[in-house]
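Let me give you the structure first, and then I'll get to my questions.
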Amino acid sequence: SLKMPSVTGSCSHPCGNGLGAVLFGPAATSVLAVIVLLFQAILLAHGGLTTLGANIMSMGIIGPVCGWLVWKGLRKANVSGSISMFFTAFVADLLTYVMTAIELSLAFPKPTFVSAFTTFFVIFAITQIPLAIAEGILTTIIYDYIFKERPDILVKLHIISQEDVSKAQLNAGVN
């Protein structure tokens, strides 16, 4: 709910899609997003019931799915967990707002969809790119903390293997 006003009554804010998608998968993250968006709309007057479908599409479906795909692709390419998590959170957050720009452009295609999209995207980019970078950094810090202090959680969620934990402990000099 840390929102920064943007355009046409919209706002930019961190979403948490990347971390949620990695920890619980995109489907569960979508359900969590519906709960959060309903809470925000009803109790905080943030978003609203009339925009619930659009918000679920951007924050509950597009962001988590894109983040999860980035995570899977980077991990398959043997990119470290920390770097993968940064880009997962960054992309999930940024593509949430690309989708929001598409949605707003469909609703307000003045004078054309492409010019409306360009305008909305540029306006969102001013606030959302720095927020996506900040969210990527914060999410990486959270992931690294969990990996260091409670790697068993990541193993149980099938995010990493016990072998990954053993390698990290060996590199850190822990027996």
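The values are calculated or read from the model by the stated rules, or taken from the named source; none is laboratory data. The shown structure was predicted, so the numbers you read here are calculated from the model rather than taken from an experiment. We place every Cβ from the backbone using ideal geometry, glycine too, and count neighbours over all the protein chains shown. These area figures cover heavy atoms from the full protein model, side chains too; ligands, DNA and RNA do not enter into them. Shrake-Rupley method; radii C 1.70, N 1.55, O 1.52, S 1.80 Å.
Part of a helix (DSSP H, G or I), in contact with a Gly (Cβ under 7 Å, 6 or more places away or on another chain) and either modelled with pLDDT under 95 or closer than 18 Å to Thr139 by Cβ (or both), is that true of Phe86? First the steps, then the outcome.
Values: part of a helix (DSSP H, G or I): yes; in contact with a Gly (Cβ under 7 Å, 6 or more places away or on another chain): yes; either modelled with pLDDT under 95 or closer than 18 Å to Thr139 by Cβ (or both): yes.
So Phe86 fits the description; yes.
Between Ala168, Ala134, which is modelled with pLDDT under 95 and over 20 Å from the mean Cα position of the chain (by Cα)?
Details: Ala134 fails: over 20 Å from the mean Cα position of the chain (by Cα).
None of the other options fit; the residue is Ala168.
So which of Gly63, Gly53, Gly67 ends up being under 20 Å from Gln40 (Cα atoms), within 12 Å of the chain's Cα centre (by Cα) and among the small types (Gly, Ala, Ser)? If you could, list the steps in order and put the result at the bottom.
On the way: Gly53 fails: within 12 Å of the chain's Cα centre (by Cα); Gly67 fails: under 20 Å from Gln40 (Cα atoms).
The conditions single out Gly63.
Please state which of the following conditions Leu95 fails to meet, knowing it meets all the rest: (1) in contact (Cβ under 8 Å) with a residue 60 or more places away in the chain; (2) crowded, with 20+ Cβ neighbours inside 10 Å; (3) within 17 Å of Gly20 (Cα to Cα).
Against the list (1) in contact (Cβ under 8 Å) with a residue 60 or more places away in the chain; (2) crowded, with 20+ Cβ neighbours inside 10 Å; (3) within 17 Å of Gly20 (Cα to Cα), Leu95 comes up short only on (1).
In the stretch 64-92, what residues are over 17 Å from Leu154 (Cβ atoms) and crowded, with 17+ Cβ neighbours inside 10 Å?
Hits for the stretch 64-92 are Pro64, Val65, Cys66, Val70, Phe87, Phe90, Val91, Ala92.
On to the next question. Against the condition of a type in the set (Val, Ile, Thr), surrounded by 15 or more Cβ atoms within 10 Å (Cβ to Cβ) and in contact with a Leu (Cβ under 7 Å, 6 or more places away or on another chain), how does Ile102 come out, does it pass? Write out each step before concluding.
On the way: of a type in the set (Val, Ile, Thr): yes; surrounded by 15 or more Cβ atoms within 10 Å (Cβ to Cβ): yes; in contact with a Leu (Cβ under 7 Å, 6 or more places away or on another chain): no.
No, not satisfied.
Kindly provide the set of residues from the stretch 115-133 that are open to solvent by less than 20 Å² (accessible area, probe 1.4 Å), out of contact with any Leu (no Cβ under 6 Å at 6 or more places or on another chain) and touching a residue at least 60 places away in the same chain (Cβ under 8 Å), ordered by number. Spell out the reasoning first.
Going through the stretch 115-133, the residues open to solvent by less than 20 Å² (accessible area, probe 1.4 Å) turn out to be 116, 120, 124, 128, 132.
Then keep just the ones that are out of contact with any Leu (no Cβ under 6 Å at 6 or more places or on another chain); that gives 116, 124, 128.
The answer is Phe124, Gln128.
Here's something else I'd like to know. Within the stretch 28-46, is there a residue that is touching a residue at least 60 places away in the same chain (Cβ under 8 Å), among the polar types (S, T, N, Q) and open to solvent by less than 60 Å² (accessible area, probe 1.4 Å)?
no
Also: Restricting the search to the stretch 96-122, which residues are among the hydroxyl-bearing types (Ser, Thr, Tyr), part of a helix (DSSP H, G or I) and either more than 19 Å from Thr51 (Cα to Cα) or touching a Cys at 6+ places or on another chain (Cβ under 6 Å) (or both)?
We begin by selecting, within the stretch 96-122, every residue among the hydroxyl-bearing types (Ser, Thr, Tyr); these are 96-97, 100, 105, 112, 115, 118-119.
Cutting the leftovers down to part of a helix (DSSP H, G or I) gives us 96-97, 100, 105, 115, 118-119.
Of everything in the stretch 96-122, those that are among the hydroxyl-bearing types (Ser, Thr, Tyr), part of a helix (DSSP H, G or I) and either more than 19 Å from Thr51 (Cα to Cα) or touching a Cys at 6+ places or on another chain (Cβ under 6 Å) (or both) turn out to be Thr96, Ser115, Thr118, Thr119.
I'd like to know if the stretch 149-169 contains one or more residues that are on the phi > 0 side of the Ramachandran plot and open to solvent by less than 70 Å² (accessible area, probe 1.4 Å). Before the answer, list the steps.
First pass over the stretch 149-169, keeping only residues on the phi > 0 side of the Ramachandran plot: 158.
Add one more test, that the residue is open to solvent by less than 70 Å² (accessible area, probe 1.4 Å), and what stays is none.
Checking the stretch 149-169: not a single residue is on the phi > 0 side of the Ramachandran plot and open to solvent by less than 70 Å² (accessible area, probe 1.4 Å).
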